[in-house]
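Trainee: My questions all concern the structure below.
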């Protein structure tokens, strides 16, 4: 009887703990037949999006490990990646060498931005997510200043095709045609009509291996300790502030690389808006994969990409079938993205408050028992 | 220990710089324009062959008759091309692969095939392609009297 109860509780806990992925499995199960897409088309799309987005989402794992929550500041790295790509496009360095050079250029910019973000977040402990979100707006302004006014007169831009007609600043769209899908097409294999971008997947696998290895290093263990309890970690001799800054720097550098992989798949990017939604959608995908503000794994990344992007692919078509208006589907998938983040944050806060209240009750009970014991 | 760490960091930075430099050499892209037209050089005229079939890699790029131009792209400072030359109509075809050095500082390069086949110096058969200035098109971004980029954009991203 007891075992049965335990099993029931554990099944309930399992459902409660994975409510977001389960909800998305349901949504996908309903929407996929409605969309009318063939299996191979869906698989092709999911594989493309897996290669495109997984690296970006992996960049979110390390700050979560360090207890800094969901890094909305990953857009900083995305901007660094874009600056690298703009310069490489101007210097006419094409193909994979161009992407490697863009990644190298993005590293110092990402490190600087990550350092700045880490230092600021250390001054806003406990409010990292909202702070990093606002920092991303601030750095977006700096990015605009650099790209819109400094590229041309201060940072040399040779090609008129990149510059605005007035002679300085970068045009609305930067073409990456000579680099388009160069990573995806290298070593690509086709299985049943589905293109598998082997080199992209190898790069993603290397990033996963790095994260697994990093967790086992002294720094990785320090980050986990900081993530669990900053005061205990500080008492144990860990430099909490430094550890948190390093986690932000690693995440920002990874986000820069991720953005380059993401944009090479697309083949062009809107200069002033490509980075703005990246953070939001990556965080939504990670949460859909079953991650939370305080815990995320590599498995969550892949499950999240598959579920979230399946919904992204089928929602417009299913929306058209249901309502006769494809815009409803478009709105639906954006609404879902923001809703997932909201629900996850509310659930996290509720859980935190519940556990705090439970701890308070236990403490009060212990004090009461102690007082009763004294009087007796 | 600190000294060793510093050396490793400097080595890592140097390695990245070297990789970046190598990438900028091997990844330098050029647009190559191949011209099959007569060339006048030092008072001598080099006539264009009747037909030149151009192969880049394993693929046939184009067939050029007199006064025709073909274009392709190339990475790095050497352009490898296979030319199948037919001097006169219904004449014999001669196929040969050439490795043409391309100057690093030129984005677009015009190669005159008759001049190159005649073994003329680089300044004779190779010139820089300069695009004719096109009419200025309106770009709404960032003009002094226009809205900021992104302002008024649709808030729904087209795709992820």
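Trainee: Across the stretch B:17-31, what is the number of residues that are more than 16 Å from residue B:109 (Cβ to Cβ) and either assigned to a strand (DSSP E or B) or over 18 Å from the mean Cα position of the chain (by Cα) (or both)?
Mentor: Going through the stretch B:17-31 one residue at a time, the tally reaches 6.
Trainee: Given the residues A:104, A:93, A:83, which is the only one that is away from chain B (no Cβ under 11 Å) and either surrounded by 15 or more Cβ atoms within 10 Å (Cβ to Cβ) or touching a helix residue (DSSP H, G or I) at 6+ places or on another chain (Cβ under 9 Å) (or both)?
Mentor: Criteria check complete, one pass: A:83.
Trainee: Hey, among A:277, A:300, which residue is within 22 Å of residue A:351 (Cβ to Cβ) and without any contact (Cβ under 8 Å) to a residue 40 or more places away in the chain?
Mentor: A:300
Trainee: Can you find, within the stretch B:35-44, the residue that is nearest to the other protein chains (Cβ to nearest Cβ) among those that are in a strand (DSSP E or B) and closer than 17 Å to residue B:123 by Cβ?
Mentor: If we take residues in the stretch B:35-44 being in a strand (DSSP E or B) and closer than 17 Å to residue B:123 by Cβ, then B:35 is nearest to the other protein chains (Cβ to nearest Cβ).
Trainee: Given the criterion within 14 Å of chain A (Cβ to nearest Cβ) and out of contact with any strand residue (DSSP E or B) (no Cβ under 7 Å at 6 or more places or on another chain), identify the matching residue among B:8, B:32, B:25.
Mentor: B:25
Trainee: Kindly indicate which of B:61, B:34, B:14 is closer than 26 Å to residue B:104 by Cα, without any contact (Cβ under 8 Å) to a residue 40 or more places away in the chain and within 20 Å of the chain's Cα centre (by Cα).
Mentor: Result: B:61 is the single residue among B:61, B:34, B:14 that is closer than 26 Å to residue B:104 by Cα, without any contact (Cβ under 8 Å) to a residue 40 or more places away in the chain and within 20 Å of the chain's Cα centre (by Cα).
Trainee: So how many residues does the stretch B:109-119 have that are surrounded by 16 or more Cβ atoms within 10 Å (Cβ to Cβ) and out of contact with any helix residue (DSSP H, G or I) (no Cβ under 7 Å at 6 or more places or on another chain)?
Mentor: Going through the stretch B:109-119 one residue at a time, the tally reaches 5.
Trainee: Does residue B:14 meet the test of being surrounded by fewer than 16 Cβ atoms within 10 Å (Cβ to Cβ) and within 14 Å of chain A (Cβ to nearest Cβ)?
Mentor: So residue B:14 fits the description; yes.
FYI, it's all coordinate maths here, none of it is from the lab. What you see is a predicted model; the values in this text were computed from it and never measured. Every residue, glycine among them, receives a Cβ derived from its backbone with ideal geometry; neighbour counts consider all protein chains shown.
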